[in-house]
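Taken together, the values in this text are just the output of simple stated rules run on the coordinates, not laboratory data. Keep in mind that what you see is a predicted model, and the values were worked out from it rather than measured. Every residue, glycine among them, receives a Cβ derived from its backbone with ideal geometry; neighbour counts consider all protein chains shown.
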Amino acid sequence: MKKPSLLERLPDSFNVGWAEFKFIIKKELKSGGEECYGTTDFNTNVITLDKDMNDAVAHPTILHEVCHVLMETQGLGGSEHDRDGALVSTNEIVTEACSSTPTVDRNINVMLVIAIIAFIILTIGILMTGGIE
């Protein structure tokens, strides 16, 4: 019996406290007219993932897109074109750093990594705001 792919095992959605984000799997995904593996839309609270990814590609892509959501949760929004944010690094740069480091081992538990990254981002948010009241 064939093991289901990572995309097939994803939950339909996940809750980040302020919103429920839905996963959509789609063929031939594009962003800005170019092919890509994943996108995050904060207007619709949807993460769209390319259907044709194998697990080796899906793993870091899912982490990357979920990191975008977690960064936004801590007020670290913005794009590569927005340089006036609270941090010098943009959401894309910080997301890339957080999501690519744990993917050295493609067998790592994705949900565990997401929980660890969420904790790190929460800690950054607390430090930036001066603590918990």
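If R0 is 25 Å, what FRET efficiency do you get for Lys51 and Lys3 from their C-beta distance, rounded to 0.05?
My answer for the efficiency is 0.90.
Which of the peptides 53-65, 22-34 is most tightly packed, and how do the rest follow, judged by the mean count of other Cβ atoms within 10 Å per residue?
53-65, 22-34
Any idea how far apart Ser31 and Asp12 come out in nm if each label point goes 7 Å out from Cα toward Cβ?
The modelled label-to-label distance comes out at 2.5 nm.
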